[in-house]
1. So, with +1 on the Cβ of K and R and -1 on the Cβ of D and E, and no other charges, what is the size of the charge dipole of the chain about its Cα centre, to the nearest 20 debye?
2. Counting only heavy atoms of protein chains, what accessible area per residue, in Å², does segment 1-141 have with a probe of 1.4 Å?
3. With θ set to phi - 60° and the Karplus curve 6.51 cos²θ - 1.76 cosθ + 1.60, what are the ³J(HN,Hα) couplings of segment 35-50 in order, to the nearest whole Hz, using x for Gly and Pro?
4. Expressed as an acute angle from 0 to 90° and rounded to the nearest 10, what is the orientation of the C-alpha long axis of helix 71-84 relative to the principal long axis of the chain?
5. Over the chain, what relative contact order in percent results from Cα pairs under 8 Å that are six or more residues apart?
6. For M84 and R22 in one chain, what is 0.36 nm times their gap in residues minus the Cα-Cα distance, to one decimal in nm?
7. Compute, for I76, the solvent-accessible surface of its heavy atoms (probe 1.4 Å) with the complete set of protein chains present, and express it in square angstrom to the nearest 10.
8. Which residue, L121, I60, A100, has the largest displacement toward the positive end of the dipole of segment 60-139 when charges sit on each Cβ (Lys, Arg +1; Asp, Glu -1)?
Amino acid sequence: MPLSREMERLRAEHAALIALARIVTEMLKAPGPSRMTELASARARLRETLVRHLKCEDWILYPRLRATGDPDLMHITHEFELEMGDLAAEYVAYDDKWTAERVEAQWSEFRRDTIEAFGMLTTRVEREERELYPLADKLYAAASALDPPITGEATISS
């Protein structure tokens, strides 16, 4: 898939992650556990989207950015990879910890852990949008300039 389409997808996933986090955060305003089915559904969609998003960055975006050989791009890509660490595994562990039964039994602790996790997620998304993704966009623009799309109809002359 071209990098431009990957970037569109990654940005759409960012928007979905933030929207899902807002939905869950709204549910956390309740004094006690309620709407547990909706909460479980939103959490499951968030987990699925986040894990897919992180895999795409790890398997597609970062390797492409590193492969440019540009020292600045390689440096920031490496920084993001180091900071990411095992974010997917950490989120899955957080999510696995908070079973429906545990959420109901320890609502206050769940709220606190979730707000903290979503704060880190939001910070990460904002930083990628501000620092990393513009560099990927420049890479795509440079690659497109080298290989412009073919326009018009091809003709065969004899």
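The values are calculated or read from the model by the stated rules, or taken from the named source; none is laboratory data. Model, not experiment: these values are computed from the prediction. Note: ideal-geometry Cβ built from the backbone for every residue, glycine included; neighbour counts use all protein chains shown. For the accessible areas, the whole protein counts, side chains as well, though only heavy atoms, and no ligand, DNA or RNA atoms are used. Shrake-Rupley method; radii C 1.70, N 1.55, O 1.52, S 1.80 Å.
1. 480 debye
2. Accessible area per residue, segment 1-141: 55 Å².
3. So the J values, rounded to whole Hz, are 6, 4, 5, 5, 4, 4, 5, 5, 5, 5, 5, 5, 4, 4, 5, 5.
4. The two axes meet at around 20 degrees.
5. Contact order relative to length: 32 percent.
6. Computed gain between M84 and R22 is 20.1 nm.
7. Accessible area of I76: about 30 Å².
8. Farthest towards the positive end: I60.
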